[in-house]
Structures are given as structure tokens and as C-alpha cells.
């Protein structure tokens, strides 16, 4: 029987990072186009920090792709990227989907101008199976993730909510209805995640993948991938 706060810690080894680097290089042309688009729009809409460098954006794209180390992210019918801003982590995940993947990626934000810019990037790059949705996270429903392009619209078998430093754990779990999903994957600080999970007042299962040792830089120090199931 699970305790109220069942937390498993997993140390991600360097070879997993090498897999992500290989995936990045395989899709580098499209990733470069996305980064160029993100920089262009950021000067007009402020999608990320105004003075962010291209090198930092490269690291943020790699960071986003690390979500693929969680099997639930790869296997979900729908990835719901909440608080996407300028498409992180949704756009890198969409660009690097394996050939033949039918996974849909829905990028959501409550700031209309950010979603408008993200839609323009999707259109510019011609990425299929990707949507940008302007809506408050608390108003998201199963209707938002149903594939209406099919002759018979059916709810997807599995939806997982992903987010990159946009929400505290309790905040996002409160916003997203259990009818939509009970599976969440956060990119956030390890210590921060543990504190936030311990403060929850309901049962939770968490797997925390620590990233401190995956490469020689300090970028990932203290960072983690946090997979929560309520």
C-alpha cells in the first residue's frame, strides 16, 4: 500500500543525455528554424527573457527533449503543454517525434499574444498534429483534446500534462481537472519539487529523475524531471 507521499528518486545517467543529443542533431535543421523563429517573435511578444542568448535557447530545447526519457510522455496519445509561452517544451517535442507518430501535442497558455505567436511558428514550420490553444488552464476539458478531424470524434486513450517551470505542483494539480488527466510531468528544481510534493494534502505518487550528473556543464545542477500521478 502506498504511503500518502510515495516518492521514488532516479539518477539519470550521462548516456541518456547522449541519446537526447543524438535526437537533437538528427532534427537540427528544424530545431534551428524554431530557435530563429522564437528569437524573432521574442523581440516583439516577449515569449522568454528579452536578453536570452541563442546558446541558452539551445539548452532550453535540449532540456525540453529530456521529457522523452519518461516513457509515459512518449506513449501518451496527447501531450498537453500547459503554460507553454513560446512553445517550450511542446515545439521541440513536436519536432523530434519519431516518424509515423500519431501523438498530438496541444500547447496552451492564458496569454493570447503568446499563443498567437506560437500559432504563427507552427504554420511557418508546417508541423502537423500540433495545436496552440488560448485558454485558462482551469477551463481545459476533454473536449479540448478530442481529435475532431476523425469521422467519429473519440476521447484519446491517454493524455499527459507537461510543463516547463511554469507552475508549482499544487497550483497545476488544482487547475487541471481529473476528468482530463491525472498524469503530470514537470521540468523543475529537485529540492523545490520535493518541498511542493510534501506540502500536498492528498495521496500522490512521484518519480523524480535527477539531472545533476548528465553532462559536464552546470546548466542541469539541481534540475529534475518530476512525474506525478494522483
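Just so you know, all these numbers are worked out from the coordinates, no wet-lab data involved. Quick caveat: nothing in here was measured; it's all calculated off a predicted structure. Don't worry about glycine lacking a Cβ; one is built from the backbone with ideal geometry, like all the others, and counts go over all protein chains shown.
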Original post:
Which three semi-axes in whole Å describe the equivalent ellipsoid of region 167-209, each the square root of 5 times a Cα gyration tensor eigenvalue, listed largest first?
Top reply: 17, 11, 10
Original post:
What nm value, rounded to one decimal, do you get for the distance between residue 142 and residue 22 when each label is placed 7 Å out toward the C-beta?
Top reply: 3.9 nm
Original post:
What is the Cα centroid distance between region 152-226 and region 1-79, reported in whole angstrom?
Top reply: 14 Å
Subject >> Estimated distance in nm for a label pair at residue 113 and residue 165, the labels positioned 7 Å out from Cα along Cα-to-Cβ >> reply: 2.1 nm
**OP:** Determine, from the Cβ-Cβ distance of residue 205 and residue 75 and an R0 of 22 Å, the FRET efficiency 1/(1 + (r/R0)^6), rounded to the nearest 0.05.
**Re:** 0.80
**OP:** Could you pull the Rg and Dmax for region 5-229, using just the Cα atoms, both in Å?
**Re:** 16.7, 50
Subject >> Value at 222 nm in deg cm²/dmol, rounded to 500, when DSSP H runs of n ≥ 4 in the chain each add -39,500 (n - 2.57) >> reply: -11000 deg cm²/dmol
